[in-house]
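S.K.: Below is a structure I'd like to ask you about.
Read-outs: derived from the displayed coordinates by stated rules, not from any lab. Keep in mind the model is a prediction, meaning the values are calculated, not measured. Methodologically, a virtual Cβ is constructed for each residue, glycine included, from the backbone with ideal geometry; neighbour enumeration extends over all protein chains shown.
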Amino acid sequence: MSSCTALTLRRLALPCVALCLLGASPLLRADDHDHGSHELARQALEQGRVLPLRTVLEKIERDYQGQALKVEFEQDDGRFLYKIRLLQSDGRMVKLKVDAVDGKVLDSKRKEHEKDRNAHPRR
């Protein structure tokens, strides 16, 4: 992907993700569960209990050399988490579970290229 295209996608994706996460627009609320997640995220951010999404994404995208495609915010056993799906510069997808309080990556799962999984070419 060219750097111009990546930059354009980044400029479009980050504001959209931020709006969805914070529930800034009632039009973006798909159902009550999503609304609850948005409200939870907004309250936690306002109370200073979590890092801003932008802060977390800047670190993750730099450390993992990629572009965030999807972000979810949830609370799991009292812990606030950002679940981030990242497209890395080598074309691989990585799913990260990040502690929203300190930005520490708790878990990562990387999907391999199809060609890396299959030793034989398609026929």
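S.K.: Please find the FRET efficiency linking residue 42 to residue 83, where r is the Cβ-Cβ separation and R0 is fixed at 22 Å, and quote it to the nearest 0.05.
M.R.: Details: r = 17 Å, r/R0 = 0.79.
It comes out at approximately 0.80.
S.K.: Another question, if that's okay. Net charge near residue 88: determine it from the other residues with C-beta under 13 Å of the C-beta of residue 88, scoring Lys and Arg +1 and Asp and Glu -1. Don't skip to the end; give the middle numbers.
M.R.: On the way: positive: 62, 85, 92, 95, 109, 110, 111; negative: 61, 63, 90, 112.
For residues surrounding residue 88, the net value is +3.
S.K.: For residue 70, which lysines qualify as cross-link partners when the Cα separation must be under 16 Å and same-chain residues fewer than eight apart are set aside?
M.R.: Cross-link targets: 59, 83, 95, 97, 109, 111.
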